Structures are given as C-alpha cells and as structure tokens.
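Starting off with a structure, shown below.
The values are calculated or read from the model by the stated rules, or taken from the named source; none is laboratory data. Predicted model only: the values in this text are computed from it and were never measured. Note that each Cβ is placed from the backbone with ideal geometry, even for glycine, and that neighbours are counted across all protein chains shown.
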Amino acid sequence: MFGRLKRKEKTEESSQKTGSAWKRAFGGIFGRGGIDDDFWEELEEALIVSDVGVQTSMEIVERLQELAEENGWKESEQVREALHDRIVTTFNEIAEDDPLPDSTKTVLLVVGVNGVGKTTSIAKIAQSAKSEGRSVLLAAADTFRAGAIEQIKIWGDRLGVPVIAQNAGGDPGAVTFDAMSAAKARNVDLVIVDTAGRLQTKHNLMQELKKVRGIIDREGEGFIVKVLLVIDGNTGQNGLSQARAFTEAVKCDGVMLTKLDSTAKGGIALAIAGELGLPVWFAGTGEKADDFSEFDPAGFADTILPESIAS
C-alpha cells in the first residue's frame, strides 16, 4: 500500500544516525579479527547500550555463540554476518505482508503517550492511503486536549479528509461512535481514530482506550480493526514499557517508530520485536506528510551494522 519500492531506501535514510552510532560501538568489536570471551561480553554490552534490551541482547548473543560453535567460526566477521541475518530474521518472523490491506475496510486505532507524534503519524498514513485512492475519515477521539482536536482538524483540511470531532472535554466514546456511523454511511475505506496519551492516571487512560476499542468492535461490522502503537525512537527502554502497557490494554498489532532519524539508539525497534513480538510497520522521519515509509528490516540492518571488514 505505501510505496514498497522506496521503503528500503527510506528506512536506510531514517536509520543513518543510529547506523553511525552502531558503527562506532560495534566497529572495534568486529574489527578485532578473532573471537574470545571478551568479544562475546563486549558484543552483549554494546547491544544493551544500543537499547536492544537485556533479554533480547542475551538471546541474540547466545544464539550467535551456538552458531559459532556449531560451524567452527574463528573470525568476528562471521559473527557480524550472522548478527545481520539475526536482526532481519527477528523482524521478518513477525512481519505482515500488508498490515493495512487495500482490499479490506479498516479501522486503525492509534495509541501512544503524548508527544510521540501520533497526530502527525495519522496524517502521514491518511495521506498515503488517500494517494492510493482510498477514502479516509479521521476521528478526533483525544478530547482531553483542545490542541489535539485542532491539530487533527488542520491536517484534515490540508489533506482534504473529513474529521469527526466534538468540543474539548467531550466523550471519546461518543466521537468514536459518530465516526463509525459516518464511515458506514459514507462507505469509507479507512477510519483512523486518534486517542488520548495522558489522563489523570494510567489506569484511567487504559480504561478509556478499552472503552473506545469496545465501541469500534461493536459498531465496526464490515471492518477489520488494527491497533497501531506510536513510539518515539528516542525513548529507549521506556518505549518497551509503553509497548507492554498499551498492548495489555488494547492488544496492539503493530508499531510506528517516529523520529528514527534523530536517534542514535534505534535498537528499541529490535527490543520491541524480540521481546513483545510486535512487528514494526512504519518509520516516520520528519514532520511532513510524506516523511514516512514502511519499515524495511534489511534496510535497517544494512545501515546499523558496520560494513564487512573485508570490503
């Protein structure tokens, strides 16, 4: 749906800063030539420092050690190639061919904490879907912030996409109900629902999201429902905690990483995929509506690992 021919190029572009940091952290490890106990310890530490997470880092290193023993590897370059493949495999094992298929009417519930770029991400998805000929409707269900409602309306005007909204302080469930009614009446292909990222307590936030999800499930006959979690690539391991909390509340289906182009620790993408089994669907790389692409695992791995020392 989202311009597959350019996704590898876009992912590589957005991962450049992460790639530079990884090459500094891993270049010396893989440039040493031989493999010894210090090599494995330094490799695991570098992965953890790069926000891959303790659990995923340990699992990756253990698997690489097994492969090295089974195959009689003596050179660090052999491990580097295997690490590259392991990164790609971690993403591909849980990837979906087309998370938002053109052939199916879809409700996309977008969740995430305030400040991660939810509204801009919604605009990017809406623009991309509209450019593919799909009809789109936006629901401003983050009624707790007047600014969020206005931002959605501004994007709707820019993109020529209708927005269902109420005044600030209104009921998110009522907005969602109205949006579903409008979508069915207008035969809309894609409904994108914005949600709040912060209420008085985390419990209140999650209960409100469950309520919105329940309305979508009840009123969404003829639609499939997908939940997209938006995470700021700069948040590090806090992003993993966010992913757990939102997944427990509304069962997230995929992730959009924002600001990937501004972080040196993009390993959080690998931690989310490895520890939570959540596929990374999209990468956002800027503020414009077209600064966005499907996430490409091979492009990500090609960028973040140092090139072969033999080349």
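I'm trying to understand the selection: among the residues of region 120-133, which are farther than 16 Å from Thr285 by Cβ and either of a type in the set (Asp, Glu) or within 14 Å of the chain's Cα centre (by Cα) (or both)?
Glu132
Next question. If you scan region 18-37, which residues turn out to be at pLDDT 85 or above and of a type outside the set (Gly, Ala, Ser)?
Phe26, Ile29, Phe30, Ile35, Asp36, Asp37
Residue by residue through region 114-149, note down the ones that are polar (S, T, N, Q), touching a helix residue (DSSP H, G or I) at 6+ places or on another chain (Cβ under 8 Å) and outside any helix (DSSP H, G or I).
Ser135, Thr143
Out of curiosity, is Ala271 out of contact with any strand residue (DSSP E or B) (no Cβ under 6 Å at 6 or more places or on another chain) and surrounded by fewer than 23 Cβ atoms within 10 Å (Cβ to Cβ)?
Against the criterion (out of contact with any strand residue (DSSP E or B) (no Cβ under 6 Å at 6 or more places or on another chain) and surrounded by fewer than 23 Cβ atoms within 10 Å (Cβ to Cβ)), Ala271 does not qualify.
Under 6 Å by Cβ, and 6 or more places apart or on different chains, what pairs join a residue from region 40-61 that is without any contact (Cβ under 8 Å) to a residue 12 or more places away in the chain with one that is small (Gly, Ala, Ser)?
Here the result reads Ile48/Ser57, each pair linking region 40-61 to a residue that is small (Gly, Ala, Ser).
I need the helices (runs of 4 or more DSSP H) fully contained in region 32-113, keeping only those with at least 3 residues that are under 17 Å from Val280 (Cβ atoms).
Per the criteria, 76-92.
Table: residues versus (1) closer than 24 Å to Gly267 by Cα; (2) in contact with a helix residue (DSSP H, G or I) (Cβ under 8 Å, 6 or more places away or on another chain); (3) surrounded by 14 or more Cβ atoms within 10 Å (Cβ to Cβ).
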| residue | (1), (2), (3) |
| --- | --- |
| Ile35 | yes, yes, yes |
| Gly53 | yes, yes, yes |
| Met58 | yes, yes, yes |
| Val61 | yes, yes, yes |
| Trp73 | no, yes, yes |
| Glu77 | yes, yes, yes |
| Leu83 | yes, yes, yes |
| Asp102 | no, no, no |
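Hey, another quick one. Taking Ala179 as the residue in question, decide whether it is touching a strand residue (DSSP E or B) at 6+ places or on another chain (Cβ under 7 Å), on the phi < 0 side of the Ramachandran plot and touching a residue at least 24 places away in the same chain (Cβ under 8 Å).
Against the criterion (touching a strand residue (DSSP E or B) at 6+ places or on another chain (Cβ under 7 Å), on the phi < 0 side of the Ramachandran plot and touching a residue at least 24 places away in the same chain (Cβ under 8 Å)), Ala179 qualifies.
Somewhere in region 263-275, is a residue modelled with pLDDT of 90 or more and farther than 23 Å from Lys23 by Cβ?
no
Now for a separate question. Find all pairs meeting these conditions: Cβ atoms under 7 angstrom apart; at least six residues apart or on different chains; first residue within region 85-102 and over 13 Å from Gly254 (Cβ atoms); second residue small (Gly, Ala, Ser) and surrounded by 13 or more Cβ atoms within 10 Å (Cβ to Cβ).
Going by the 7 Å Cβ cut-off, the qualifying pairs are Ile87/Ala301; Val88/Ala298; Val88/Ala301; Thr90/Ala273; Thr90/Gly274.
Those residues that are closer than 21 Å to Asn114 by Cα, in contact with a helix residue (DSSP H, G or I) (Cβ under 8 Å, 6 or more places away or on another chain) and loosely packed, with under 14 Cβ neighbours inside 10 Å, I need them from region 170-203; list them, please.
Lys202
Here is a check on your reading of the model: is Ala129 small (Gly, Ala, Ser), surrounded by fewer than 24 Cβ atoms within 10 Å (Cβ to Cβ) and touching a residue at least 12 places away in the same chain (Cβ under 8 Å)?
Here the answer is yes, as Ala129 does meet what is asked.
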